[in-house]
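What follows draws every value from the coordinates through simple rules; no lab data is involved. The shown structure was predicted, so the numbers you read here are calculated from the model rather than taken from an experiment. Heads up, the Cβs are rebuilt from the backbone with ideal geometry, glycines too, and the neighbour counts pull from every protein chain shown.
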Amino acid sequence: MNSMPGSKTRRVVFQPTAYRGMQRGINQIVEAIRPTLGPRPRVVAIDRTFDDKMPELLDNGGVIARRIIQLPGRGEDVGAMFIRDVLWRLREQAGDGTATAAVLFQSVYNEGVRYLAAGGNAMRLHSYLEKGMQVILDHLTDMTVHVAGKEKLAQIAESICYDPPLARMLGEIFDIIGECGRLEIRPGRSRGLEREYVEGMYWERGLVSREMITDRNRLRTELENAAILISDLEIEDPRQLLPAIALCIEANIRSLLIVAGKLSDGVIAFLLANKNPEKFQAIAVKTPGWGADEQAAALADLAVLTGGNPFVRMAGHTLSQIKLEDFGHARRVWADYLNFGIIGGQGNPRALREHIATLRASFDGTEEPVLREKLLKRIGKLLGGSATLWVGGATELEITERQELAKRTAAVMRGAIMEGVLPGGGVSLLACRPALQQKLDQSTDPDARAAYRILIKAVEAPIRTILTNAGYDASEIMAQINLAGPGYGFDVTSGQVVDMMQTGICDAATVQKSAVYAAVASAGLALTIDVLVHRTQQPEHATIRAPSKRKRL
C-alpha cells in the first residue's frame with residue numbers, strides 16, 4: 001500500500017516484497033563483513049563522514065556494521081539495521097565472533113526465505129530453528145576444553161588477534177593475573193610492547209596534594225603497617241580528624257591513610273603541618289569511583305579487603321564516635337597523585353572469599369556489558385592481580401588500531417579462561433553436523449526437517465568462508481577435512497590439515513556459543529517478519545549524516 005506524493009501517511013509493504021527488501025539489506029551488510037573472517041582477512045575501508053582524513057581500515061565485523069548507518073532502499077535499510085544491531089550487541093557482550101555470526105545469520109536467513117517462498121510456515125520454522133540451535137549449543141558445551149599455562153593462553157590469543165608478539169605478551173599476562181585480573185591497556189611509549197605488573201590492588205584516585213609525596217624520584221609515598229580510615233565524608237574542619245588521629249597515636253599506629261570524599265584546604269594544611277613524620281604520618285586520598293554507586297562499591301571493597309568499617313556520608317556517619325576497630329589495616333600502602341594502592345590487606349579471608357563469590361554471582365547473572373565490566377574490575381582488584389600493557393607502533397593510527405585489537409583480544413581471553421575453548425577455524429561448528437543429521441533423520445514434520453537442513457548447511461558457512469578468504473578452493477579442502485575425521489581442520493597459514501586443538505588453533509567457547517545464539521535466534525525471528533511499515537518522510541535526525549561509502553581492499 002503506497003501513499004500519495006507529499007502525504008505524511010506510512011507506507012505498508014507486504015510479502016514477498018518485504019522478504020526481498022530485507023534480504024538485500026542483510027546480504028549487503030554480511031558481504032561487507034565476510035572478507036574479515038579468518039587468520040588471513042582482507043580489510044574494509046570506510047570513508048570518514050566529518051573530515052577528509054584517510055578512510056578507516058577495519059577487520060572487526062561489529063565495528064564495520066556500526067559504521068554503516070543507512071542504506072538508500074527502504075526495505076534494504078530495515079534488513080541492514082536489523083543485522084547491524086544484532087552484531088553490535090554481540091560485540092558488546094562477547095567481544096568477538098561478529099564475522100562468524102554474520103555468515104551464520106546470512107545462511108540461515110537466505111535458506112529460510114527460500115523455504116518459506118516454497119510454502120513453509122514461518123512460525124513453525126522459527127520454533128524448530130531454535131530447537132536445532134539448542135542442539136548445537138549442547139554439542140559445543142560437550143566439546144569444551146579448559147586450558148591453562150602461558151603457551152596455551154598465547155595460542156588462544158593468537159587465534160583471536162593474529163599478532164604473534166601481542167599474543168605472547170597477553171599469554172604471559174593472563175597466566176600471571178588470571179581471568180579476573182585487572183589489565184590496563186594504554187598507548188605505548190615506543191614501537192614495541194611493554195608490560196608492568198603491579199603488586200596488590202590500586203584505585204584511580206590519588207593524593208589530595210602533591211606536597212604529600214615523600215619519594216621525589218618515584219613521585220609517590222609509601223606507608224608500612226598502615227591504618228586506613230575508609231569514608232566518603234567531606235571533612236571541612238581539622239578538628240573532625242582529631243579523634244581518629246588520637247586513637248592511632250594511643251594505639252602506637254605510626255601511619256594512617258585517610259580516604260575521604262573531600263578535604264578542605266584547611267584540613268590539607270593541617271595534615272601537611274606535621275612536624276614529626278617519623279613518629280606519625282598521615283596522607284589523604286580521594287574516595288575512589290565516580291558517582292554515588294561507584295563510590296559505595298569501592299568503600300565496600302576496601303572495607304572487606306582491609307577489615308575496616310566505612311563511614312558513609314549518606315548514612316549520617318561522623319568521625320566523632322570512631323573506634324579503633326573501625327580502622328582497616330594493610331601491610332603496605334602507596335599513593336601518587338593519580339592512584340593509590342593497598343598491598344597485604346588484613347581483612348577477614350573468609351569474608352573476602354564470600355564477597356568475591358557474591359560479585360562473581362552478580363557477574364554471571366547479568367548480561368549488561370557496562371555492569372559486567374565494572375564487576376570484573378572489582379573482582380580483579382580484590383584478587384590482587386594487576387598489569388599494564390603499553391601497545392606501541394610506528395604511527396598514531398597503528399597504535400590506536402593495535403590497542404583496540406589488544407582490548408578485544410583480552411576480553412575474549414577472559415571468556416576463554418573462564419568457560420574453556422573449542423577447536424578453531426570453524427571446526428567446532430562443523431562437528432555439530434552429525435547431531436543435527438540425527439535430528440533430521442528422526443523428524444517427520446516438513447518444517448522440522450527444513451530447519452535441520454538449514455542448520456546443517458549453515459554450520460559449514462564459517463569454515464568455507466575462512467578457506468575462501470585465504471585463497472583456497474573450499475570444496476576441495478572440505479573433502480580433505482571430512483576424510484581426516486573429527487577434530488581436524490585446515491590450518492590456512494601452513495596449508496595443511498591438522499588436529500586443531502593439538503596445533504593450538506582454538507576459539508573461545510563463550511564467543512562461539514554467543515555467535516550461534518545471536519545468529520540463529522535473530523535469523524529465525526527475522527523470518528517471522530511479514531509486513532514492513534515505512535515512514536514516507538524520514539525524521540530530521542536520519543538525514544543529518546550521509547551514508548558512509550563502503551570499499552573493500
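Data overview
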| quantity | calculated |
| --- | --- |
| Extended-chain gain in nm, criterion 0.36 nm per residue less alpha-carbon gap, Lys275 and Asn217 | 18.6 nm |
| FRET E, pair Glu404, Arg40, Förster distance 22 Å, beta-carbon r, rounded to 0.05 | 0.65 |
| Residues with amide H under 5 Å from that of Gly347, placed H, sequence gap 5 or more | Thr306, Gly307 |
| DSSP-defined antiparallel bridges as percent of all bridges, segment 202-347, nearest 5 | 55 |
| Cα-based reach from Lys53 at 20 Å (exclusive), listing lysines while leaving out same-chain residues under 8 positions away | Lys549, Lys551 |
| Relative contact order %, segment 66-154, counting alpha carbon pairs below 8 Å whose residues are six or more apart | 12 |
| Degrees separating the helix 292-306 axis from the principal Cα axis of the chain, which is the longest one | 60 |
| Taking segment 213-328 and dividing mean pair separation by its residue count, relative contact order in percent (alpha carbons under 8 Å, at least six apart) | 33 |
| For Arg220, residues with placed amide H under 5 Å, excluding near neighbours | Thr214, Asp215 |
| Label point distance in nm, Met314-Asp265, each placed 7 Å from Cα along Cα→Cβ | 3.1 |
| The chain, relative contact order in percent, only Cα pairs under 8 angstrom and at least six apart counted | 28 |
| Karplus (6.51, -1.76, 1.60) ³J(HN,Hα), θ = phi - 60°, over segment 29-44, in Hz, Gly and Pro reported as x | 5, 5, 5, 6, 9, 3, x, 8, 7, x, x, 10, x, 8, 10, 10 |
| Environment charge at Gly307 (Cβ cut-off 11 Å; Lys +1, Arg +1, Asp -1, Glu -1) | -2 |
| In segment 166-205, trypsin sites (Lys or Arg not before Pro) in a DSSP loop with at most 12 other beta-carbon atoms within 10 Å | Arg189, Arg191 |
| Surrounding net charge for Cys180, when Lys and Arg each add one and Asp and Glu each subtract one, Cβ distance under 14 Å | +3 |
| Between 0 and 90°, nearest 10: helix 509-527 axis offset from the chain longest Cα axis | 50 |
| Whole-Å distance, taken between Cα centres, linking segment 371-425 and segment 226-271 | 37 |
| Among 364-370, 230-236, 243-249, the order from most to least packed when residues are scored by Cβ within 10 Å on average | 230-236, 243-249, 364-370 |
| Label-to-label distance, nm, for residues given as Ala296 and Leu371 (7 Å Cα→Cβ offset) | 1.4 |
| Reachable lysines, given that their alpha-carbon falls under 21 Å from the alpha-carbon of Lys152 and they are not under 8 places away in the same chain | Lys407, Lys513 |
| Under Karplus coefficients 6.51, -1.76 and 1.60, residue-wise ³J(HN,Hα) of segment 328-336 in Hz, glycine/proline x | x, 9, 8, 5, 8, 10, 9, 7, 10 |
| Segment Ala351-Asn252, length gained on full extension (0.36 nm per residue, minus Cα span) | 33.0 nm |
| Cβ-based net charge around Ser443, under 13 Å, with every Lys or Arg adding one and every Asp or Glu removing one | +2 |
